[in-house]
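Engineer: Have a look at this one.
Values quoted throughout were computed directly from the atomic coordinates according to the rules given, and no laboratory measurement underlies them. As the structure is a computational prediction, the values presented were derived from the model and not from experiment. In this analysis, Cβ positions are derived from the backbone assuming ideal geometry, glycine residues included, and neighbour counts consider all displayed protein chains.
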Amino acid sequence: MIPFEAIKAFYETRLPAARWKGHHLTAPCPFCQRAHKESTGQLMVMLNRDSFFRGYFRCSANCVPGGFHAHFARLMGIDGSQVPGFDPDADAYAGSVQYPVRHLGLELDQFTALMGEEQRQHFARIGVSAATLQEMKIGFNGRYLVYPYFQDNGHAYAAHCLLPGREQDQFWHGNEDFFKGEAAVYNAGEIDRAESGALFVTEGEMNLLILKSLGYPAIAVPATADFSALTTDRLSRIAYIFLLVANTPEARLAAREMAVRVGFKARILAWPAALKRGAHLVQVAAYPAMDTAKTVQRMIQLAKAFSPFGSPEKEKRRFLEFLDKEKGKELMGIQTGFEKMDRHLEGLRGINILGGPPKAGKSCFFMQISSEVARRQVPVIYYDFENGRQKIYLRTLVRLSDLAEKKIRSGDLTASEHGVLKQAQTQFESLLNHFRVVNDRQLTPDTMRRHIDFIKHETRRDEILVVVDSLHKLPFKDLTERRTGIDSWLRQLEAIRDEQQVCFLVISELSRGKGGGYGETPDLGSFKESGDIEYSADNAMVLMPDWDPLAPVGGGQRKSILWMVASREASPGRVAEYALEYPYWRFKEM
């Protein structure tokens, strides 16, 4: 941080005729004098030691755009070595925009000439001054307000046109190369002028004009989705960045994402509690009962440097809440309905990966656990890439009713069986309140995160089980790099587990042994194309049948053994033996 005394001395030396008025240093504007203007404006420099905007100057006649002391030095031709905070090794930002020969100069002159009293009153109602409209060269094309996007070279090649009062009715005019990306930053020259000082970053041209009229340096992007155009290199010379976005969770999330990139210099402004969801500075300025200047000033005072870390108080509260929720629990994790498995694992926690040979009953095993968990009113999302929604539902109904699938399909039921089926259907309907099956072949980690948020909101439960059937059929961008894709998904599952406290059940394929079979003793090397399982899985298990999974389904009891091959907390070895009760698609723990 540049010492306040150095900034103060810098201005006092360069403005010998200056006088103090409160926290402002005022002097005849040297830039007006250089331009030989008949009436010289007053240069006002904010020099409040406690202000983020200390060192910010403006001319009352708007002869030059305002800025901080580094900008003042450039305008005055002062050698950089005499400027507080000067870094001789710092490189100026070099954008990738190529400027064409033709710009909108003449057209903009025509548009500004068309600005009438009605349009000026439209801005006046939300506190935008005539001086700001003139400085930003706001125009009118006969129907739409025209906002030119000036580049660092002083020319505008594109303009955003919005219908007054209906800003959603909009279009771009000019060179389409300047409609998006790093060129689509409104008032982009302010970034250089705010060097070593503070800068507002907001969304929408109208909100920027209000900030400018209040005397704050600001830039804007058309929407928060365009924050990506503002790279850390481009903003590296700014000391403080105030992010002012709409009062919505989506906009605040976009601001947080930008703040993570920018670092501790970012401050996200929080809206007053009384402000409605969706509101922005335009609504504040249009509301007579709210003083816009005082509201913004108060928001600045309350803003804190962004940190991706929770405060110690918040972390303590979260931990105590966690301990309170765990009181009285028989198991540390989610109950599966299998007593030996629950006892061995202390309930399902973290990422649990289950391998097994093809047709060994892995999906059936997970369907049974999922329906049992949902029956206990713990929400379950079942990502299915193997069986289809109707098969999962039908087999669940078979288990609940103890009626074979063929019997249910035929409809040839006794009166007693009709009663049993009706009761099972009632249980199934209740179970669906906490059970969601998703067959999305375009699934992404972000979509999964949103699904988890939705089901937590719908069920009002924090505890959740997510089933993935199977790991090798998750969507990948490039099938030729499946191993890389699987490991990438495992990294994402780890992040989701930690961010949203999710328990995962994930099916994985096994690799064939030396003899081409799967009968060898299971270990971590048994998992197919999944090198990261040993690092990602909290529990890695294998369901190994003692019968030929590829043989026709028929009589005789089919038993499988569940092995724990690696775990962060449980001991490896045999967990339990399970018998498949066919045709009810149900495993029984022996």
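Engineer: Would the range 55-107 count as rounded, prolate or oblate if I go by the C-alpha gyration tensor, calling it rounded below 1.5 in a/c and otherwise prolate when a/b exceeds b/c, oblate otherwise?
Structural biologist: oblate
Engineer: Which FRET efficiency value, to the nearest 0.05, do you get for ASP177 and LEU114 by plugging their Cβ-Cβ distance into 1/(1 + (r/R0)^6) with R0 = 25 Å?
Structural biologist: 0.45
Engineer: Estimate the FRET efficiency between ARG574 and SER228 by the formula 1/(1 + (r/R0)^6), using the beta-carbon distance for r and 60 Å for R0, to the nearest 0.05.
Structural biologist: Details: r = 52 Å, r/R0 = 0.86.
In this case the efficiency is close to 0.70.
Engineer: Could you list LEU230, LEU243 so that the one with the fewest beta carbons within 10 Å of its beta carbon is first and the one with the most is last?
Structural biologist: Neighbour counts put them in this order, fewest first: LEU230, LEU243.
Engineer: Taking Cα atoms, how many degrees apart are the long axis of helix 362-375 and the longest axis of the chain, rounded to 10 and kept between 0 and 90?
Structural biologist: That helix lies at roughly 70 degrees to the long axis.
Engineer: Please compute the modelled spin-label separation between ARG125 and ARG483, points set 7 Å along Cα→Cβ, answer in nm with one decimal.
Structural biologist: 6.6
Engineer: Tell me, MET44, MET367, MET590, MET290 in order of fewest to most beta-carbon neighbours within 10 Å?
Structural biologist: Ranked by crowding around the Cβ, least crowded first: MET590, MET290, MET44, MET367.
Engineer: Say each of ARG318 and GLU5 gets a label point 7 Å from the Cα, pointing the same way as Cα to Cβ; how far apart are those two points in nm?
Structural biologist: 4.2
Engineer: So in the chain, what percent of DSSP beta bridges are antiparallel if you round to the nearest 5?
Structural biologist: Here the share of antiparallel DSSP bridges comes out near 55 percent.
Engineer: Using only the alpha-carbon atoms, how far is helix 312-326 inclined from the longest principal axis of the chain? Give it as 0 to 90 degrees, nearest 10.
Structural biologist: 20
Engineer: Dipole size in debye (nearest 20) for the chain around its Cα centre, Lys and Arg Cβ +1, Asp and Glu Cβ -1?
Structural biologist: About 1120 debye.
Engineer: What FRET efficiency do you get for ARG512 and VAL420 if R0 is 51 Å and r is their Cβ-Cβ distance, rounded to the nearest 0.05?
Structural biologist: The pair ARG512/VAL420 has a calculated efficiency of 0.75.
Engineer: Taking chymotrypsin sites (Phe, Trp or Tyr not before Pro) as exposed when DSSP calls them loop (any state but H, G, I, E, B) and at most 13 other Cβ atoms lie within 10 Å, what is the longest stretch of the chain free of them, the sites themselves excluded?
Structural biologist: 1-263
Engineer: Relative contact order of the chain, please, whole-number percent, based on alpha carbon pairs below 8 angstrom and at least 6 residues apart. Walk me through the numbers on the way to the answer.
Structural biologist: Numbers: 971 pairs, mean separation 51.9, N = 590.
9 percent.
Engineer: Over the range 339-589, what is the mean sequence separation of C-alpha contacts under 8 Å (at least six apart), divided by residue count, expressed as relative contact order in percent?
Structural biologist: 29
Engineer: Let me ask another. Contour minus end-to-end for ARG298 and GLN442, with contour as 0.36 nm per residue of separation and end-to-end as the Cα-Cα distance?
Structural biologist: My answer for the length gained is 47.3 nm.
Engineer: Would the range 339-589 count as rounded, prolate or oblate if I go by the C-alpha gyration tensor, calling it rounded below 1.5 in a/c and otherwise prolate when a/b exceeds b/c, oblate otherwise?
Structural biologist: Oblate is the answer for the range 339-589, as a/c is 1.5 or above yet b/c matches or exceeds a/b.
Engineer: Moving on. Longest segment of the chain with no GluC sites (Glu not before Pro) in a DSSP loop having at most 12 other Cβ atoms within 10 Å?
Structural biologist: Longest stretch, sites excluded: 39-329.
Engineer: Work out how much length LEU394 to GLN283 would gain on full extension: take 0.36 nm times their residue separation and subtract the Cα-Cα distance, in nm to one decimal.
Structural biologist: Difference between extended and current length: 34.7 nm.
Engineer: Which percent, nearest 5, of DSSP beta bridges in the range 105-302 are antiparallel?
Structural biologist: So the antiparallel bridges in the range 105-302 amount to around 55 percent.
Engineer: Sorted from fewest to most neighbouring beta carbons within 10 Å, what does the list LYS265, LYS325, LYS180 look like?
Structural biologist: Fewest-to-most Cβ neighbours within 10 Å comes out as LYS325, LYS180, LYS265.
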